[in-house]
Amino acid sequence: AQTVTQSQPEMSVQEAETVTLSCTYDTSENNYYLFWYKQPPSRQMILVIRQEAYKQQNATENRFSVNFQKAAKSFSLKISDSQLGDTAMYFCAFMNPRTSGTYKYIFGTGTRLKVLA
Amino acid sequence: GAVVSQHPSRVICKSGTSVKIECRSLDFQATTMFWYRQFPKKSLMLMATSNEGSKATYEQGVEKDKFLINHASLTLSTLTVTSAHPEDSSFYICSASLIAGGVQFFGPGTRLTVL
């Protein structure tokens, strides 16, 4: 069974600093998608970044970037120049349409990030 | 683009009554919609996957007779909590996906409180 592990329940970072959130997953598949979502106090889930497993290049979106290590099954999120608005719960998600038949996600347990002023 | 709405955002009901939650994709056609439940400070728990025009696929342990899902069109799915009880109180979130890339776009959630 595919699993997603986020080993850091809580983290904090000073404003303007850089922080890395870890995510590992377990799968025997070769093609799949990985996502990071942010859930701020409003509880609206917001897509942060998406990575396709067949692409070796790490995805980036402005201050957010990932370190995708396929062999190690690791998908960490780096937030540069942290801002107070980055304070949120961050969820890592895995999706493989071939085995699920749909676009069902497997979510990690989340990391609560607090950006300190 | 890719906006998903949910209605209502909050609902309080008496034990034994039924509550309907609507999920709409506003600017795209979603072949698949998902319903999640989230407990405080926990991850999202998938309840069911809903495809337009067909029966929903429920996750193990989710009572299909209690959580009725209807996906009548490519832009609307509804979740009805039947004969609600206090233990059904939770935060319910829907999402919708496009075929390409499998990205799910989430609604803002509905907080259900059953008295």
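The values are calculated or read from the model by the stated rules, or taken from the named source; none is laboratory data. The structure displayed is predicted, hence computed values, not measured ones. Ideal geometry is used to build each Cβ from the backbone, glycine not excepted, and the neighbour counts take in all protein chains shown.
Here are some notes:
- Residue check for B:Gln38: in contact (Cβ under 8 Å) with a residue 12 or more places away in the chain, buried (at least 17 other Cβ atoms within 10 Å of the Cβ) and not hydrophobic (A, V, I, L, M, F, W, C): yes
- In this entry, A:Ala88 is excluded by the filter for residues that are more than 11 Å from chain B (Cβ to nearest Cβ), at pLDDT 95 or above and over 23 Å from B:Leu44 (Cβ atoms).
- Which numbered condition A:Phe64 fails, given (1) in contact with a Phe, Trp or Tyr (Cβ under 9 Å, 6 or more places away or on another chain); (2) on the phi > 0 side of the Ramachandran plot: (2)
- Qualifying residue in segment A:1-13 (condition: in contact with a strand residue (DSSP E or B) (Cβ under 9 Å, 6 or more places away or on another chain), exposed (fewer than 15 other Cβ atoms within 10 Å of the Cβ), among the hydrophobic types (A, V, I, L, M, F, W, C) and over 16 Å from A:Gly110 (Cβ atoms)): yes
- Some residue of segment B:83-94 being more than 25 Å from A:Ile106 (Cβ to Cβ), hydroxyl-bearing (Ser, Thr, Tyr), in contact with a strand residue (DSSP E or B) (Cβ under 6 Å, 6 or more places away or on another chain) and assigned to a strand (DSSP E or B): no
- Under the condition of being over 11 Å from B:Ser25 (Cα atoms), away from chain A (no Cβ under 13 Å) and either crowded, with 22+ Cβ neighbours inside 10 Å or not polar (S, T, N, Q) (or both), the residues counted in segment B:76-111 number 7.
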